[in-house]
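Some notes on the structure that comes next.
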Amino acid sequence: MTIHVEGLVAIAFFYLLILFVGIWAAWKNKHSGEAEGTDRSETIMVGGRDIGLFVGGFTMTATWVGGGYINGTAEYVYLPDFGLAWAQAPFGYALSLVVGGLFFAKPMRSRGYVTMLDPFQQLYGKRMGGLLFIPALMGEIFWSAAILSALGATLSVIVDINIKMSVVISALIAIFYTLVGGLYSVAYTDVVQLFCIFVGLWISVPFALTNPAVSDITVTAVKQVYQSPWRGSISKSDTWVWIDNFCLLMLGGIPWQVYFQRVLSASSATYAQVLSFLAAFGCLVMAVPSVLIGAIGASTDWNQTSYGAIPPREKEEADMILPIVLQHLCPPFVSFFGLGAVSAAVMSSADSSILSASSMFARNIYQLAFRQSASDREIVWVMRITIFVFGGLATVMALVTGTVYGLWYLSSDLVYVIIFPQLLSVLFVKGTNTYGSVAAYLFGMLLRIGGGEPYLQLPPFIYYPGWTTEKRMHHMTGEMEDIVIQKFPFKTVSMLASFLGNVAFSYLAKYLFESGKISHKYDFLDAVVSKHSGEIMDKTTLVTRSNNIGLSEMASVKPRLSVTLAAAFTRRDTLPTETVEEEEEYSLDSSHHDDE
């Protein structure tokens, strides 16, 4: 196996650049938040809530524009059976950011939450928060593993080095600077990584387009030359599948901690919305070179290139079309620069997911569910340990599991089907409770898993209308097997059923307990009768039977700085009556002293 020295030098340069920026960001912001009295753990999670428009716009864009985004977009445009019509990620994720900015960013940021799970634990209790942590964690870990797996394959194309070694080195670098600087390091490295992707790809595109082996892409878009037109088409029988997948991207792209980590780190609710809109535009712009590279791959006579006569799709290498085009259709110095930049930039999503998973565990599971009295230093150490543990877990999965993408597909579906309807309910539907949340969780999981997952060889036990079977080659064994294909939009239907189940069962439980149809002693989740028990958290205080523990969730309007201002931002309907009265008395006393 020949090692390309130029490629190795390019990789080393970009990796050292990313590492340097991550360490510099951590050093630059090591005292951030101390003057305002912000806890160190919160600074690591949400960056002191002072991320500006420039860095914030870049880091939110980079959350989506990682290795999976640019490689996947190029792959779908290239594949004859799909084409541009099925490359849904650019528009799907862009609309996801627009919808998130319009409806979700403002209420989440203005209420001063620290993680995405905070509103669930506030309204549904810590046990339900723990249940919702499971699909959220699965999504983040499997996504990181899928990114690292793709990164290893990309590096093997560039420099012919061992895939396992490249995965381990990449993971260690991402874990190290995330450990050192938290969100600050992740955000600042995202700026560099996104710039690397943009410059690296756009430098390569003109050279690839003008290669003698490449036909005019405007012609191959509509006419068959070397394969079917890359514009693609949607058959009538696949219309509902296309709509189902698009809704999954558009709505299922919202309830992720990596998104809300950026929203909650913005300096204001308005900034959080603006960042979402900027990132939506950034996603579309960053997809253009990937689309062009996919089109170039579909317009190439591979027999005229150093790749060989057999096209990548026939070698089962369609997922690597982007590095293959850069490697074989561009001059060496251009391809190594482009591939090096892309490889370093792939980490921009892995580090975010690892930090998101550790933030949710440290805050919502360790602190709020088990150790309410934990010190800030203790929480910081829990975060550091879990960053290493979750990063290591993702790395191991990338190395030993052949179905990483199948696991991620299933977990992302569960995020869409389970967490999105719960987020809708907790933010916008008044009256939902823990009983409805549990019912919705079970409905969504049962209906989604019941539809099966071909990539994981998970057979369906619910056959939705319009299902068919077709023979496919297994991606690992190479054997032909019969696969059940669901043509029905069962993912979106499962999400809607989960949402309606939450509302229906919440109001049913409320009616049964309040009317006396069921005795109050059976309200074992403390969700209807014991509304303000130790299980339910309001936004500023976790109420226990023995003491009150401040959660410091109010961002820039912290109770320690201004109880009056904090009270103005608190949902008073979630507080006990005596607490509201005490706050009003305190406000009057404070204003009286100010007048004097």
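How large is the accessible surface of residue 103 in square angstrom, using a 1.4 angstrom probe and rounding to the nearest 10? It works out to around 110 Å².
In terms of its alpha-carbon gyration tensor, the stretch 1-154 comes out oblate; a/c meets the 1.5 threshold, while b/c is at least as large as a/b.
With every protein chain in place and a 1.4 angstrom probe, the accessible-area ranking of 50, 190, largest first, reads 50, 190. Scalar couplings 3J(HN,Hα) for the stretch 262-275, obtained by applying the Karplus form with A = 6.51, B = -1.76, C = 1.60 to θ = phi - 60°, are 6, 4, 6, 8, 5, 6, 7, 5, 5, 4, 4, 5, 4, 4 Hz; x denotes Gly and Pro.
Summed over the residues of the stretch 425-533 and divided among them, the accessible surface reaches 55 Å² per residue at a probe radius of 1.4 Å. Compute the separation of the alpha-carbon centres of the stretch 152-227 and the stretch 389-459 and state it in Å as a whole number. One Cα centre to the other: 28 Å. Taking θ as phi - 60° and the Karplus parameters 6.51, -1.76 and 1.60, the scalar couplings of the stretch 415-430 work out to 4, 5, 7, 9, 6, 4, x, 5, 5, 4, 5, 6, 8, 10, 10, 7 Hz in sequence order, x denoting glycine and proline.
Shape analysis of the stretch 202-281 places it in the oblate category; the axes a ≥ b ≥ c from the Cα gyration tensor give an a/c of at least 1.5, with a/b not above b/c. Here each label is just a point 7 Å from Cα along the line to Cβ, and for residue 482 and residue 224 those points are 3.0 nm apart.
Do any of 106/430; 106/491; 430/491; 236/491; 315/471 go past 21 Å between their Cα atoms, and which? Flagged as over cut-off: 106/491; 430/491.
Considering only protein heavy atoms and a probe of 1.4 Å, how much of the accessible area of the stretch 205-278 is carbon and sulfur, as a whole percent? Exposed carbon and sulfur together represent 64 percent of the surface. Between 337, 249, 275, the Cα set farthest toward the positive side of the dipole of the stretch 242-346 (charges on each charged residue's Cβ, about the Cα centre) is that of 275. Counting only protein heavy atoms and a 1.4 Å probe, the stretch 180-287 has 39 square angstrom of accessible area per residue.
Taking the Cα centre of the stretch 306-381 as reference, the dipole from Cβ charges on Lys and Arg (+1) and Asp and Glu (-1) amounts to some 220 debye. In the stretch 56-167, the portion of solvent-accessible area held by carbon and sulfur atoms comes to 70 percent [1.4 Å probe, whole percent, DNA, RNA and ligands not counted]. Ligands, DNA and RNA excluded, the heavy atoms of residue 82 present near 70 Å² of accessible surface to a 1.4 Å solvent probe. Label positions at residue 207 and residue 371, each projected 7 Å from the Cα along the C-beta direction, are separated by 5.1 nm.
How high is the relative contact order of the stretch 1-135, in percent, counting Cα pairs under 8 Å that sit 6 or more residues apart?
11 percent
Where a ≥ b ≥ c are the square roots of the eigenvalues of the C-alpha gyration tensor, would you call the stretch 346-440 rounded, which needs a/c under 1.5, or, failing that, prolate if a/b is larger than b/c, or oblate?
Taking the square roots of the gyration eigenvalues as a ≥ b ≥ c, the stretch 346-440 is oblate.
Each residue of the stretch 11-18 is assigned a 3J(HN,Hα), and the resulting list reads 4, 4, 4, 5, 5, 5, 4, 4 Hz, derived from the Karplus form 6.51 cos²θ - 1.76 cosθ + 1.60 (θ = phi - 60°), x at Gly and Pro.
The values are calculated or read from the model by the stated rules, or taken from the named source; none is laboratory data. For clarity, every value in this text was computed on a predicted model and none was experimentally measured. Ideal geometry is used to build each Cβ from the backbone, glycine not excepted, and the neighbour counts take in all protein chains shown. Just the protein is used for accessible areas: all its heavy atoms, side chains included, with ligands, DNA and RNA removed. Shrake-Rupley method; radii C 1.70, N 1.55, O 1.52, S 1.80 Å.
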